[in-house]
Amino acid sequence: MKTLKGTEKQIKWAESIRNKAVEIYNEIYSKSANKEMVDKFFNAYIFNNDSAGWWIDHRDYVACDIHSTMGFLDWCLKNQK
């Protein structure tokens, strides 16, 4: 993961939020049949995001966004023709 950028206070707060996202990643990854897709999503959306402010601004939505996006991607893969 990239080092977060922001004030010391922002970074500390954002790290706790990002750590929750990592827990969600570990949970989803362990259950996923398509680990490559999970990695691509998390690398693009989570692990490459270095803005402490972004994490703080989106703290109430990160878990929901991850679960809904992963659910949608999983549905798409299951329903490909």
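Here is the tail figure for the range 8-78: Cα pairs spaced more than 20 Å apart come to 27 percent of all pairs. A simple spin-label model places the labels of ASN48 and GLU23 2.7 nm from each other, with each point 7 Å out along Cα-to-Cβ. The count of lysine pairs in the chain with alpha-carbon distances below 27 Å, taking only pairs 8 or more places apart or on different chains, stands at 20.
Under the criterion of Cα pairs below 8 Å and six or more residues apart, the relative contact order for the range 8-78 equals 46 percent.
With a cut-off of 14 Å between beta carbons, the residues surrounding SER16 carry a summed charge of +1, where Lys and Arg count +1 and Asp and Glu -1. Helical content of the chain, expressed as a calculated mean residue ellipticity at 222 nm, amounts to -22000 deg cm²/dmol (DSSP H runs of 4 or more residues, -39,500 (n - 2.57) each, divided by residue number, nearest 500).
Modelled spin-label separation between TRP75 and ALA63, with each label point placed 7 Å from Cα along the Cα-to-Cβ direction: 2.1 nm.
Were the residues from SER16 through MET1 laid out at 0.36 nm apart, the gain over their Cα-Cα distance would be 4.0 nm. Dipole orientation for the range 8-78: of the candidates SER32, VAL62, TRP13, SER32 has the Cα lying most toward the positive pole (charges on Cβ; Lys, Arg +1; Asp, Glu -1).
None of the figures in this text is laboratory data; all of them are computed from the coordinates on show. All figures in this text were calculated on a predicted structure; none of them were measured in a lab. Cβ atoms come from the backbone with ideal geometry, glycine included; neighbour counts cover every protein chain shown.
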